Amino acid sequence: MSARLIDGTAVARRVRDEVAKGVAELVAQGGRTPGLATILVGDDPASEVYVRNKRRACAAAGMRDFHRRLPTTARQEEVREVIAELAADDQVSGILLQLPVPAHLDSEALLDHIPYDKDVDGLTVKNVGRLAQGRPGLRPCTPAGIVRLLDEYEVPLAGAEVVVVGRSVLVGRPMAQLVLARHATVTVCHSRTKDLAEACRRADVLIVAAGVPQLIGRDAVRRGAVVVDVGIHRGDEGLHGDVRFEEVAEVASLVTPVPGGVGPMTIAMLLHNTLEAARWQQGSAAPAA
Ligand SMILES: NC(=O)C1=CN([C@@H]2O[C@H](COP(=O)(O)OP(=O)(O)OC[C@H]3O[C@@H](n4cnc5c(N)ncnc54)[C@H](OP(=O)(O)O)[C@@H]3O)[C@@H](O)[C@H]2O)C=CC1
Ligand SMILES: Nc1nc(=O)c2c([nH]1)NC[C@@H]1CN(c3ccc(C(=O)N[C@@H](CCC(=O)O)C(=O)O)cc3)C=[N+]21
């Protein structure tokens, strides 16, 4: 392996320490303690793990932990009422509806009930629009965490060719917007892209969020490129991403591992967003781009 590893666990620890400091400062200045409310509908085991980790991290940073658990059978109105109650509670700075929700629920309609200044996932129409317009607002955690990782490793984005594989509302689209705001030349690939490997070979920075195990091999990576693997797949022998790590590490200059890459940053940025949201609600400016 010739690539250097991007250590997401280490950077995430730094971000979490910064947040803990920020929380203590806010409280020392007489502000309200930030609080994160997580909503989990149903009993998907992976979602349970994620939500548990988010809640722990939140408590470790000195924030209040609010949690609502609803059964798989919960009706749209029941979830909406829970969101409304949390929206009205000024101890709650951030509201996160864990996705996916059971298929009979309309997740877009539910997200729209989260006040935009408590939308720590950055998924409401208001924050998505703010990002698209290049205005300040709360940004989706995973792509924001990736930008932070690239900054920490001094990967230049201005003028760089960035290829994003995936166009989901949670990851691919906001990822493309964030690097565009940093003056990258952006290509977004998806399941209808004609020649994926060819498109990927353009990349100085290749960000893969397709949710397909082993999708990206060395034929899709230009020598010296930076490769960020967002995918998470739970196999018998542990976690894997969307990238064939061993072979890609032979040609890339920097690569994120799974686990220990993007995942820990997602949680760290959620805490960051919760602190920013609390400040915003208490009179500070909107979170900076
Ligand atoms: N590490 C972390 O913190 C996080 C990890 N994840 C993981 O990242 C992955 C992606 O998540 P998410 O964006 O929510 O997934 P979605 O399933 O919502 O989106 C996947 C995207 O990839 C595209 N795609 C699917 N197959 C191919 C293919 N063969 N070639 C090119 N593009 C393809 C789809 O295209 P189309 O639009 O045409 O269908 C779609 O745009 C998952 O493994 C998820 O578990 C997600 C969030 C956070
Ligand atoms: N509304 C919403 N917001 C999300 O941010 C969201 C979501 N729904 N649904 C699911 C995805 C997935 N996701 C991850 C978070 C942390 C790790 C993470 O911490 N991963 C560790 C490993 C953790 C483990 O061992 O399982 C790592 O990669 O090192 C991974 C994935 C957030 N998501």
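The values are calculated or read from the model by the stated rules, or taken from the named source; none is laboratory data. The structure presented is a predicted model; accordingly, all values stated were derived computationally and were not measured. No Cβ is skipped: glycine too gets one built from the backbone with ideal geometry, and neighbour counts run over all protein chains shown. Surface accessibility is based on the protein's heavy atoms, side chains included, excluding ligands, DNA and RNA. Shrake-Rupley method; radii C 1.70, N 1.55, O 1.52, S 1.80 Å.
Miscellaneous remarks
- If you plug the beta carbon distance of Glu237 and Lys21 into 1/(1 + (r/R0)^6) with R0 = 45 Å, you get a FRET efficiency near 0.75.
- Taking a point 7 Å out from the Cα of Ala181 in the direction of its Cβ, the residues of the range 102-125 whose backbone N falls within less than 15 Å of it are 117, 119-125.
- A simple packing score, the average count of other Cβ atoms within 10 Å per residue, orders the peptides 4-12, 272-280 as 272-280, 4-12, with the highest score first.
- Counting only protein heavy atoms and using a 1.4 Å probe, the accessible area of Cys58 comes to about 0 Å².
- Residues Asp119, Asp43 ordered from highest to lowest accessible area at a 1.4 Å probe: Asp43, Asp119.
- Inter-probe distance in nm under a simple model that places probes 7 Å from Cα toward Cβ, at Ser191 and Gln282: 4.5 nm
- Helix 45-60 vs. the chain, principal-axis angle (Cα, 0 to 90°, nearest 10): 70 degrees
- Shape of the range 82-136 from the C-alpha gyration tensor: oblate (a/c of 1.5 or more and a/b not above b/c, with a ≥ b ≥ c the square roots of its eigenvalues).
- All other residues whose Cβ lies under 14 angstrom from that of Val79 are scored, Lys and Arg at +1 and Asp and Glu at -1, for a net of -3.
- Sequence-distant residues sharing a close amide H with His67 (under 5 Å, placed H): Thr38
- Accessible surface of the chain, 1.4 Å probe, proportion on carbon and sulfur as whole %: 50 percent
- If you look at the Cα atoms of the chain, you get an Rg and a Dmax of 18.8, 56 Å.
- Helix 172-181 vs. the chain, principal-axis angle (Cα, 0 to 90°, nearest 10): 80 degrees
- Whole-angstrom gap from the range 198-273 to the range 88-163, using each part's C-alpha centre: 20 Å
- Calculated on alpha-carbon atoms, Rg and Dmax of the range 1-146 in Å: 16.4, 53
- Cα gyration tensor, the range 141-263 - rounded (a/c under 1.5), prolate or oblate: rounded
- Shape call, the range 30-115: gyration tensor on alpha carbons, a/c limit 1.5: oblate
- Averaged over residues, the count of other Cβ atoms within 10 Å places the peptides 186-197, 103-114, 216-227 in the sequence 216-227, 103-114, 186-197, highest first.
- Net charge contributed by nearby residues that have their C-beta within less than 11 Å of Val165 (K/R +1, D/E -1): -1
- Per residue, the chain exposes 46 Å² of accessible surface when a 1.4 Å probe is rolled over the protein heavy atoms with every protein chain present.
- Using alpha-carbon coordinates, inclination of helix 141-152 to the longest axis of the chain, degrees: 60 degrees
- Stretched out straight at 0.36 nm per residue, the stretch from Val169 to Gln76 would grow longer than its current Cα-Cα span by 31.4 nm.
- Cα-derived Rg over Rh, computed across the range 62-154 with Rh taken as Kirkwood radius: 1.01
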